[in-house]
Every structure is written in C-alpha cells, then in structure tokens.
Amino acid sequence: WDTEAKLAYIDDLDREGILPTVAPKPKATPPSTSTPTYPASQKPSPPKAAAWPHLIPNVDYGVTWTAHLQRHREIWEELQFKLRLSDHPNAISVLLRVLLELSVDNYVKETPLSIVNENDNLSRKAVKVAEDMYARAMIDKKYLGVINKLQHAENLISMDTLNRYVHSPNFNVSPEHLKMLWGTLSSLVVLCLTA
C-alpha cells in the first residue's frame, strides 16, 4: 500500500492524457410541486444525530495516508472507529498523546524545521511548530495563542493534562475532556500530518 507511488502513477497518466474524463451529469427532472402536508401533530421530526462514540468524529479530514504515515493512520483509525470513549478512556488518552507527538514530529521532519531541538519537550515542539505554521499563514493568531497555552499547566487543555493522563495514578480521564482536547488539537494534528 504505497500511496506516494500510486499518486505518482496517476500524475503520469494525467500528463499523458490517459485518465478518463467525467461525463456531464444528466439533467435532473424538476422536483414535484406538490409537497406532502401533515397535520400539525403528525409532522415528522428531524432525525436526531447520534452521538459519535469515538474520540475522532467520522469526518474526512483530508489526510493522505502515505507510506511513512502508516503507524499514524493505525492510531487514527483506532481513535476514530474502534475505541469507544465510554469503554476505553485511558487507552484513548494515551493514544491521543502518541498521535499528537508523532504528528508534530512528522511536521518537523517534513518541513524541515530547524528551530526544534532534539531535547525540546512535546509542548515546546508543538509551540515551535505552531509558530512556523503561523509564519506560513497556515493558522491564525488566535489558534497560535491556543497552542501557546498548551505549555501552561494550570490550563484545562494543556500538555500537562495529557502527561497526567499517561503518568498519574490519581488523575481520572473524562471522555468529555478528551473530546475538548481533540476539538482543540485536531487542526494542529491534521496540519502536521499533511505537511
């Protein structure tokens, strides 16, 4: 499964003009002007969206899973499709931290970002990566501020919290807090994976 080789092959076919073109869609028939009417008490209610039971919502984040991202992909898919927040909050918290670290390291490797030192901790690396993304207009100043706050242990969303999830025997994992962490970190993770 070598995505990079497949993409190169498709590019070659495109340059040679061999790829099929998309035929125009047939014209749709005009919608019926008669809409069903319901008595006020019998109107169907809109379906309620079921709560997604996993950390990563079932959304296409636009990540192309190349060969060097296979471990990242396996972790992502466990967090998106396999591990339920209600059943595995501890495993999810550890995997979230691992995914964040692997993603940040991928950005440093692919960019290559010379301001990151080998002995920088994860929060410092994440801040340096975010500063580089801001300089490249990949993120705005507000999101840069959010990532900068990861360094402060007193914040609810911080690297200290992720580290406590991994290392503290007394720190309880909350599925709601994990969802907040993902909501905050997802853009950074995706940008790092697509670098």
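The values are calculated or read from the model by the stated rules, or taken from the named source; none is laboratory data. All figures in this text were calculated on a predicted structure; none of them were measured in a lab. Quick reminder, even Gly has a Cβ in these numbers, built from the backbone with ideal geometry, and neighbours come from all protein chains shown.
Data for the structure
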quantity	calculated
Residues of the stretch 90-114 satisfying the condition of being modelled with pLDDT of 95 or more and of a type in the set (A, V, I, L, M)	Ala91, Ile92, Val94, Leu95, Leu96, Val98, Leu99, Leu100, Leu102, Val104, Val108
Neighbours by Cβ (under 6 Å, 6+ apart or cross-chain): first from the stretch 65-76, within 14 Å of Arg97 (Cβ to Cβ); second in a helix (DSSP H, G or I) and among the acidic types (Asp, Glu)	none
Qualifying residue in the stretch 155-171 (condition: under 21 Å from Gly145 (Cα atoms) and touching a His at 6+ places or on another chain (Cβ under 7 Å))	yes
Residue satisfying condition, being under 16 Å from the mean Cα position of the chain (by Cα), crowded, with 20+ Cβ neighbours inside 10 Å and not in a helix (DSSP H, G or I), within set Ile56, Ile92	Ile56
Residue match in the stretch 148-155 (condition: within 20 Å of His72 (Cβ to Cβ), surrounded by fewer than 20 Cβ atoms within 10 Å (Cβ to Cβ), modelled with pLDDT under 95 and out of contact with any Cys (no Cβ under 9 Å at 6 or more places or on another chain))	no
Residue that is modelled with the lowest pLDDT [pool: residues in the stretch 164-190 that are of a type in the set (S, T, N, Q) and either part of a helix (DSSP H, G or I) or within 25 Å of Asp140 (Cβ to Cβ) (or both)]	Thr184
Test: residue in the stretch 99-106 that is part of a loop (DSSP other than H, G, I, E, B), touching a residue at least 12 places away in the same chain (Cβ under 8 Å) and of a type outside the set (D, E, K, R)	no
